[in-house]
Ligand code: NAP
């Protein structure tokens, strides 16, 4: 049982998530993490992975013992600080793989087959004046995955029926039937489509730079469903403008929800507003898992999906 008013819910949650929360618990709301905290005695925080949890907020809440984030990425949590204070953290891995993989594949196919432009072509009646451009087939290509974790591996399994070769990079080689490249540049060189599925971290910060994009080459496509910080957006914009790569499908950006406006004026991109996990089924699963973690904390049980780093 989670005591009424003992959870501080930080930030705005979509309706479908709020409905699950309101069915299961009674939190106190703090819409803006930097605004004054409503009086109360909170033992835990519920937050979304797209909302930054400021250290200042934790400092003002000495009784907090746990932070549950709805999302798998925890780059918006001050993990070092939480660890120092002995505050536990949980995330929602696994339950969002299906939705994220479906979006990644949809974006990849949309980009190669230029589906959004084809849709506009029909809607604008341009078809009556001529034929739509020919595009690119996925079959026979090599898809490189940077980050062969939960999402990366689910993605690879889904890609197999598309008759592609699969390769990957990451800190460790896995026991998987795909070619492993220890280095992102080497992976980019062999990839026709490079999909990013790694976490945001100091090691992955701007990992996709001008050199990697050059290695991907003028026939290569980039798909980013990881985090905006993984890509050097300045280098990507140059690569797209100068056709050093064929195109990019981006679900995540350095500056959300206001991505660099230069992306809006380029035609070889497919842009989505960070919707990898944004299906109602998945968002309900994520919210339930976050609350299950809170319940475990209040019952003094091990967390179901604790972030340990
Ligand atoms: P995960 O299971 O932890 O997998 C991450 C993988 O990335 C691991 O295999 C890890 O390698 C690898 N990795 C770490 N550093 C790397 C590097 N420098 N280069 C290449 N690979 C590296 O996490 P997940 O559940 O698959 O989620 C992955 C990420 O997807 C999340 O962190 C999140 O940022 C993003 N995501 C985005 C959305 C969206 O809406 N677009 C939704 C969900 C998740 P090891 O196995 O060797 O440690």
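The values are calculated or read from the model by the stated rules, or taken from the named source; none is laboratory data. Not measured: the values here are computed from a predicted model. Note that each Cβ is placed from the backbone with ideal geometry, even for glycine, and that neighbours are counted across all protein chains shown.
Structure notes:
- Among the residues of region 232-244, the one identified as in a loop (DSSP other than H, G, I, E, B) and either in contact with a strand residue (DSSP E or B) (Cβ under 6 Å, 6 or more places away or on another chain) or free of Cβ contacts under 8 Å to residues at least 24 places away in the same chain (or both) is 242.
- Enumeration of residues in region 131-152 that are under 19 Å from residue 190 (Cβ atoms) and surrounded by 15 or more Cβ atoms within 10 Å (Cβ to Cβ): 136, 138, 141, 142, 143, 144, 145, 146, 147, 148, 152
- Being within 13 Å of the ligand (Cβ to nearest atom) and in a helix (DSSP H, G or I) holds for only one residue in 229, 277, and it is 229.
- Inter-residue pairs, beta-carbon under 6 Å, first on the phi > 0 side of the Ramachandran plot and in region 90-110, second at pLDDT 95 or above, 6+ apart: 94/150
- Hey, residue 62 farther than 15 Å from residue 307 by Cβ, in contact with a strand residue (DSSP E or B) (Cβ under 9 Å, 6 or more places away or on another chain), assigned to a loop (DSSP other than H, G, I, E, B) and without any contact (Cβ under 8 Å) to a residue 24 or more places away in the chain or not: no
- The listed residue being closer than 21 Å to residue 269 by Cβ and within 15 Å of the ligand (Cβ to nearest atom), out of 200, 186, 210, 167: 200
- In region 112-130 there is no residue matching the filter, namely being outside any loop (DSSP other than H, G, I, E, B), within 16 Å of the ligand (Cβ to nearest atom), surrounded by 17 or more Cβ atoms within 10 Å (Cβ to Cβ) and outside the structural domain of residue 201 (by the TED database).
- Residues satisfying the stated conditions in region 82-100, i.e. within 13 Å of the ligand (Cβ to nearest atom) and either modelled with pLDDT under 95 or part of a helix (DSSP H, G or I) (or both): 97, 98, 99, 100
- Which listed residue is within 26 Å of residue 102 (Cβ to Cβ), in contact (Cβ under 8 Å) with a residue 24 or more places away in the chain and assigned to a helix (DSSP H, G or I), from 222, 187, 194, 176: 187
- In region 67-83, the residues that are more than 17 Å from residue 12 (Cα to Cα) and in contact (Cβ under 8 Å) with a residue 40 or more places away in the chain reach residues that are within 16 Å of the ligand (Cβ to nearest atom) and assigned to a helix (DSSP H, G or I) with C-beta atoms within less than 9 angstrom, at least six apart or across chains, in these pairs: 72/97; 72/100; 72/150; 72/151; 72/286; 75/229.
So that you can scan it fast, the table gives a plain yes or no per residue for (1) at pLDDT 95 or above; (2) under 18 Å from residue 296 (Cα atoms):
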{"site": "25", "(1), (2)": "yes, yes"}
{"site": "33", "(1), (2)": "no, no"}
{"site": "41", "(1), (2)": "no, no"}
{"site": "45", "(1), (2)": "yes, yes"}
{"site": "54", "(1), (2)": "yes, no"}
{"site": "70", "(1), (2)": "yes, yes"}
{"site": "77", "(1), (2)": "yes, no"}
{"site": "80", "(1), (2)": "yes, no"}
{"site": "102", "(1), (2)": "yes, no"}
